[in-house]
1. For the stretch 33-68, give me each residue that is under 21 Å from Glu223 (Cβ atoms), in contact with a strand residue (DSSP E or B) (Cβ under 7 Å, 6 or more places away or on another chain) and touching a residue at least 40 places away in the same chain (Cβ under 8 Å).
2. Being closer than 20 Å to Gly179 by Cα and of a type in the set (S, T, N, Q) is the filter here, so list the residues in the stretch 104-132 that pass it.
3. State whether one or more residues within the stretch 178-187 are closer than 23 Å to Ala74 by Cβ, crowded, with 23+ Cβ neighbours inside 10 Å, in contact (Cβ under 8 Å) with a residue 60 or more places away in the chain and of a type in the set (D, E, K, R).
4. Select the strands (runs of 3 or more DSSP E) contained entirely in the stretch 1-97, then report the ones holding at least 3 residues which are surrounded by fewer than 17 Cβ atoms within 10 Å (Cβ to Cβ).
5. Can you say whether Ser75 is under 16 Å from Val201 (Cβ atoms), among the polar types (S, T, N, Q) and touching an Asp or Glu at 6+ places or on another chain (Cβ under 7 Å), as far as the supplied structure shows?
6. Taking only the stretch 188-197 into account, find how many residues are among the charged types (D, E, K, R) and open to solvent by less than 10 Å² (accessible area, probe 1.4 Å).
7. If you go through the stretch 131-179, how many residues are more than 15 Å from the chain's Cα centre (by Cα) and at positive phi?
8. Quick check: is even one residue across the stretch 232-248 under 18 Å from Ala134 (Cβ atoms), among the hydroxyl-bearing types (Ser, Thr, Tyr) and over 15 Å from the mean Cα position of the chain (by Cα)?
Amino acid sequence: MTSSQKVEVQKHIRCLPGDVARSVLLPGDPARARRIAQQLDDARLIADNREYVVFTGTTNGVAVSVCSTGIGGASAAIALEELRNVGAEVFIRVGSAGGRRKDIPIGSLVVVTAAYRGDGVSDEYLPLGFPAVADLDVNNALIQAAKELGYSAYTGIGTTRSAFYVRHPELNERLRQVGVVAAEMEASTLFIVGAHRAAKVGCVVATDSNIYLDKQPALAEKEALYLAGERMTIRAALRAVQLLEATS
């Protein structure tokens, strides 16, 4: 980059080149970003603007950043675009999702390997015929990390939607029949924007609900189960960053 191509502070995430590491974890919830930062060494707050809370620190000596994205594909796309502008290359969504198979309990760790494109944002980037697929290296690192940590990880295709309170029973049933593992609101957007920006993107989530369970736990129990699952996703994502750095 020449001086005439100097990158200015990014409009939404308020970061400059040098503020973020090569690898960035992308939680939706700013509070989850803060919980991830608590697991880092030497974490420092870089920016706090709108839904975007950014920290940079290290994990076992490897530089890593965290940037919350808010809910949905539009804000997630902005985060990835601007982080890419300031030098980030590897992204791992660390999120929550609804389980979509009867055998997936609440609080489970799920590695989303690809996603149905119902997000409403990714088609602005690439035609709907283009698949939303996780980067193979990031995907494999997440699976290996879960195995090393002794976690039972479900893997498979997820579904990303744009409207939380709109239900599509027929589509849900068709996707369930072909084994979709989880439903959430950002993965397909991030996979497609990653392809558009030549970034490596993966996704690990913890299930906070499952509409197909015969017995539905009370809200307090669901939240406790989810938080236990969230801790697993954070540890798995951080270990994956370490594994990816070792092979870069």
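1. Ile36, Ser68 - these are the residues of the stretch 33-68 that are under 21 Å from Glu223 (Cβ atoms), in contact with a strand residue (DSSP E or B) (Cβ under 7 Å, 6 or more places away or on another chain) and touching a residue at least 40 places away in the same chain (Cβ under 8 Å).
2. The answer is Ser108, Thr113.
3. Yes, the stretch 178-187 contains at least one residue that is closer than 23 Å to Ala74 by Cβ, crowded, with 23+ Cβ neighbours inside 10 Å, in contact (Cβ under 8 Å) with a residue 60 or more places away in the chain and of a type in the set (D, E, K, R).
4. Values: elements: 23-26, 41-49, 52-59, 62-67.
Where strands (runs of 3 or more DSSP E) fall fully within the stretch 1-97 and carry at least 3 residues being surrounded by fewer than 17 Cβ atoms within 10 Å (Cβ to Cβ), they are 41-49.
5. Details: under 16 Å from Val201 (Cβ atoms): yes; among the polar types (S, T, N, Q): yes; touching an Asp or Glu at 6+ places or on another chain (Cβ under 7 Å): yes.
The answer is yes for Ser75.
6. Within the stretch 188-197, the first condition is being among the charged types (D, E, K, R), and the residues that meet it are 197.
Checking the rest, the ones that are also open to solvent by less than 10 Å² (accessible area, probe 1.4 Å) come to none.
So the count comes out to 0.
7. Number satisfying all stated conditions: 2.
8. yes
The values are calculated or read from the model by the stated rules, or taken from the named source; none is laboratory data. On a predicted model such as this, the values are computed, not experimentally measured, just so you know. Because the Cβ atoms are built from the backbone with ideal geometry, glycine has one as well, and the counts that use them run over all protein chains shown. Each accessible area value is taken on the protein alone, full model and side chains, heavy atoms only, with ligands, DNA and RNA left out. Shrake-Rupley method; radii C 1.70, N 1.55, O 1.52, S 1.80 Å.
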